[in-house]
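Throughout, read-outs are computed from the coordinates displayed, never taken from laboratory work. Bear in mind that the values here come from a model prediction, so they are computed numbers and not experimental data. Cβ placement follows ideal geometry from the backbone for every residue including glycine, while neighbour counts extend to all protein chains displayed.
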DNA sequence: GCAAAAGTGTTTTGTCTACACCCATGA
DNA sequence: TCATGGGTGTAGACAAAACACTTTTGC
């Protein structure tokens, strides 16, 4: 039975399958995407998303994790599949089907050596340079998805440092939505979900009075990750 | 440059890429999914989603359209990509990456000969039999996505006949959400979007009084398809 | 005239938005 | 003492939810 199956399948075309990663980070002011300067042809020297090919004995998800690790050195990153881009002409070099993933990382968690190696650089999402192939559409779609995701999930957990001020969280949401938000309404809504814990410690870097730090309540956060809570 | 690119790429593994279609229909009472009895090994005789392989010179989207046409005979069907399933072990017969698509069709638009040929059958979504491989997860994910989609888009246009009664539209939404909805509130909301036009014609099949038929205002519907309108 | 489905409004509740002032502190 | 960012509450608008009776007509 197994053998017959294999025989049956051998008749079909095989394609190269790639993974491309849209990596978002937040520096406290701007939402940024991590791009690399492509080191090989075609389009050598152009800006591109970090990508790579799926191996025969490798899950597609695993390939995404591997590729992300190549660039960041980080193994456990928030990541989700975005979309499969499958046009025959999308890559002029060869027929390559690409599965795009988007990842959220803490922007200071970077490995300078790896960044150097791949000529990686953070770009504010409002100032993305020309990208190869269909990478610009991937990035735009990822931006949409992040927005949608942020509306029912407090993505701050993935993008902010362990402890952060309410202003930082607000700034993150303003960056994601590219508009100003009302400080009081935002605070109210996010606190009402109960996923934040206020610490007895203040960040005195940006003001004389100092702003309280918050941390995410990991347990509640995980619960919400499954069910979701609309708060935007 | 082109040549170098090709050379570069030749080193990577090639995989078979399949497309599987989750096809939803609505018979006036129940939401149903179209399944086929698999005609070849492995898992011959088991129920399965309609699927096929992507050809080397074919867009992945085009493959989905082709495969859907094979089964239904219909060329212009509402369809969207759902997710790419890429585990190495998902298909025991071979390494196959599958891109799942979900489609909405009018249940009476069927071609008996083609259905016969593929041993196709409609199953109520509450009574889906065991399916091969990971097709059950595909179907569950599609159900989720349909629900989400229906919340900001009047999917009725794709699933109902050209003219339909308010009760039919309500029944569709009750089937999608698997719960009862308030008739008055539903009517109010859907009418307030302005995408329905009331005809001067009644369906007298289900009651003595008769229920007015409605049609979708195609233009407004298309506008809403882009922007979306929350009405659930 | 009665059974069976169609059609229709109002009240209440909760949520979202807009909006401005005092507080604490370091310099 | 003053300049700077931090922190907080309320009123009005709007949307959502709950809820029941009258209408039509074929039998």
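Quick notes
- Computing FRET efficiency as 1/(1 + (r/R0)^6) for residue A:191 and residue A:27, where r is the C-beta to C-beta distance and R0 is 25 Å, gives about 0.55.
- Beta bridges per DSSP, both residues in chain B: antiparallel share near 75 percent.
- Other protein chain C-beta atoms within 10 Å of residue C-beta, averaged over B:15-26: 3.
- Region B:66-107: relative contact order as a whole-number percent, Cα under 8 Å and 6+ apart: 39 percent
- Relative contact order (%) - chain A, alpha-carbon pairs under 8 angstrom, separation at least six: 21 percent
- Mean per-residue shielding of peptide B:93-105 is 3, counting Cβ atoms of other chains within 10 Å of each Cβ.
- Applying 1/(1 + (r/R0)^6) with R0 = 60 Å to the Cβ-Cβ distance of residue A:108 and residue B:220 gives a FRET efficiency near 0.80.
- Share antiparallel - DSSP beta bridges, the protein assembly as shown, percent rounded to 5: 75 percent
- Only helical runs count toward this figure. For the protein assembly as shown, summing -39,500 (n - 2.57) over DSSP H runs of n ≥ 4 and dividing by all residues gives -10500 deg cm²/dmol at 222 nm.
- Shielding of B:36-42 by partner chains, average beta-carbon count, 10 Å: 3
- Label zone at residue A:37, where the point sits 7 Å out along the Cα-to-Cβ direction: region A:114-148 residues whose backbone N lies under 13 Å: A:116-122
- Relative contact order (percent, whole number), region A:47-182, Cα cutoff 8 Å, 6+ residue spacing: 22 percent
- Under the simplified labelling scheme, the residue A:211-residue B:44 pair shows an inter-label distance of 6.7 nm, with each label point 7 Å from Cα along Cα→Cβ.
- Using every pair of separate Cα atoms, the Kirkwood estimate puts the hydrodynamic radius of region A:83-232 at 17.8 angstrom.
- Full extension of the chain between residue B:202 and residue B:167 gives 11.4 nm of extra length, using 0.36 nm per residue less the Cα-Cα distance.
- Highest-first arrangement of A:192-204, B:80-92, B:198-210, where packing means the average Cβ count within 10 Å: B:80-92, A:192-204, B:198-210
- The separation of region A:23-73 from region B:102-175, counted between C-alpha centres, amounts to 37 Å.
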